[in-house]
Amino acid sequence: MNNKKCVCIGVSGGIAVYKALDIISALKKKDIDVRVIMTESATKFVTPLSFQSLSQNMVVTDMFAEPKAFEIQHISLAKRADVFLVAPATANIIGKVANGISDDMLSTTIMATRAKVIFAPAMNTNMYENMIVQDNIEKLKKYGYEFIEPASGRLACGDIGTGKLADVNTIVERVLEVLNNQDKSKELQGKNVLISAGPTHSKIDPVRFITNRSTGKMGYYIAEEAKARGANVTLVSGPTNINPPTGINVINVTTNEEMKNAMLDNFKNSDIVIKSAAVADYKAKNYSNEKIKKSEEDLVLTFVRDNDILKILGEQKNNQVLVGFAAESNNIIENAKNKLQKKNLDYIVANDITSADTGFGSEDNKVIIISKDGEEIYLDKMSKKEVASKIFETILRKR
């Protein structure tokens, strides 16, 4: 029995067709079974024989050709695929799928598959930016189809702009990432994971508030990682500029009090709770219902302690795995361990906020994961997405 992962690649007609050969070559080097479907127009740019030679499988081009085996070919390929990649994806194939048209082997097989479908568009800038194409892309995204954004640069037609097929390595890495996520998609199946992310606002008057530099990136990556591992995910998010992740229950909040209530509402039914939000510790003692007017005097505000949400969750913890974050500027390990103990946590993730290239606003982080049994796991600088994966690896290893 063949246990290899299978990637079905749909090749539609455009000048970037030749780059699909590099994608196939890279995937074959990872010992992946690659199946290719070409549209008729794609065969005008590169012959099917080239794709057959690299994939080491027959290439499908004709919907009505006599099958090589007794099987309905588009259904067979649709079922076989673990990931379905369309590269290059023209405006034509995007429009067909978005509007339910299946009049050739490629569009028919995409309609029949339950595999993850990833489009890598490549076309003229004006075509890509056309509102019809953009509407079709947005429509497909809402249905769960994924897009790898095209690059900018000089196009084959001589124009300069967005529309170049994304870098081959970028496309291959995303396909491999999806395949890898499928391997771990059952680890948290049936488990409820609750995550907080982003900053909160402490209001001063109707137009002013204090907050912090948190962007919410770390928490959003944690939520996506939990979903990739099969969990039912609830994300309580403070104000961020991040698009809501698909397939995740997002609860938007603004203040400390709102975040506290949302976390408590979902805490009892959660199996794993990760509080990565940077919550405001203080709030204005006296909120002004009217805008505070500028005067010649200095403005003096008094702030009082706000809810310690993590401490409240620790006091109510039953069987949940509770994970906190410690953003520290000095005595990182000591402060993190004190927080771990005082707030009844199972793990704490500590990081140095003074580092210029990690932490708030960065795509990278450098952390220490400390467990209640004393284990310390030092993670060197890596992407926040990788940190999210390491957090779950640590939790699952000890369960």
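Just so you know, all these numbers are worked out from the coordinates, no wet-lab data involved. Source: prediction; values computed, not measured. Every residue, glycine among them, receives a Cβ derived from its backbone with ideal geometry; neighbour counts consider all protein chains shown.
Observations, loosely collected:
- Rounded to 0.05, the FRET efficiency of the Gln182 and Glu297 pair, given R0 = 56 Å and the Cβ-Cβ distance, is 0.35.
- Positive-end residue, the chain charge dipole about Cα centroid, Cβ charges, pick of Tyr221, Gln52, Asn92: Tyr221
- Lysines with Cα under 24 Å of Lys317, excluding same-chain neighbours fewer than 8 positions away: Lys191, Lys227, Lys260, Lys268, Lys275, Lys337, Lys339, Lys342, Lys343, Lys372, Lys390, Lys398
- Only beta bridges with both residues in the chain are counted; by DSSP, about 35 percent of them are antiparallel.
- Share antiparallel - DSSP beta bridges, region 250-379, percent rounded to 5: 55 percent
- Modelled label reach - Glu258, point 7 Å along Cα→Cβ, region 201-240 residues with backbone N closer than 11 Å: 201-203, 237-240
- Nearest-20 debye value, the chain charge dipole, Cβ charges on Lys, Arg, Asp, Glu: 740 debye
- Ordering Ile368, Pro244, Ser389 by Cα displacement along the dipole of region 192-397 toward the positive end leaves Pro244 in first place; charges were set at the Cβ atoms of Lys, Arg (+1) and Asp, Glu (-1).
- Packing, as the average of other Cβ atoms within 10 Å across residues, places the peptides 301-311, 37-47 in the order 37-47, 301-311, highest first.
- Solution diffusion estimate, µm²/s, Stokes-Einstein, the chain, Kirkwood Rh from C-alpha pairs, 37 °C, viscosity 0.692 mPa s: 137 µm²/s
- The rule of thumb for compact globular proteins, 2.2 N^0.38 Å, goes into the C-alpha radius of gyration of region 6-183 0.96 times.
- Pairwise label distance in nanometres, Ile377 with Asn318, each label 7 Å out on the Cα-Cβ vector: 2.7 nm
- Long-range Cα-Cα pairs in region 192-397 (distance over 20 Å), rounded percent: 57 percent
- Between Ile132 and Tyr287, the modelled labels are 5.0 nm apart [label points 7 Å from Cα along Cα→Cβ].
- Applied to region 109-122, the Karplus parametrisation 6.51 cos²θ - 1.76 cosθ + 1.60 on θ = phi - 60° returns per-residue 3J(HN,Hα) values of 5, 4, 4, 8, 8, 10, 6, 5, 10, 10, 9, 10, x, 8 Hz, with x for Gly and Pro.
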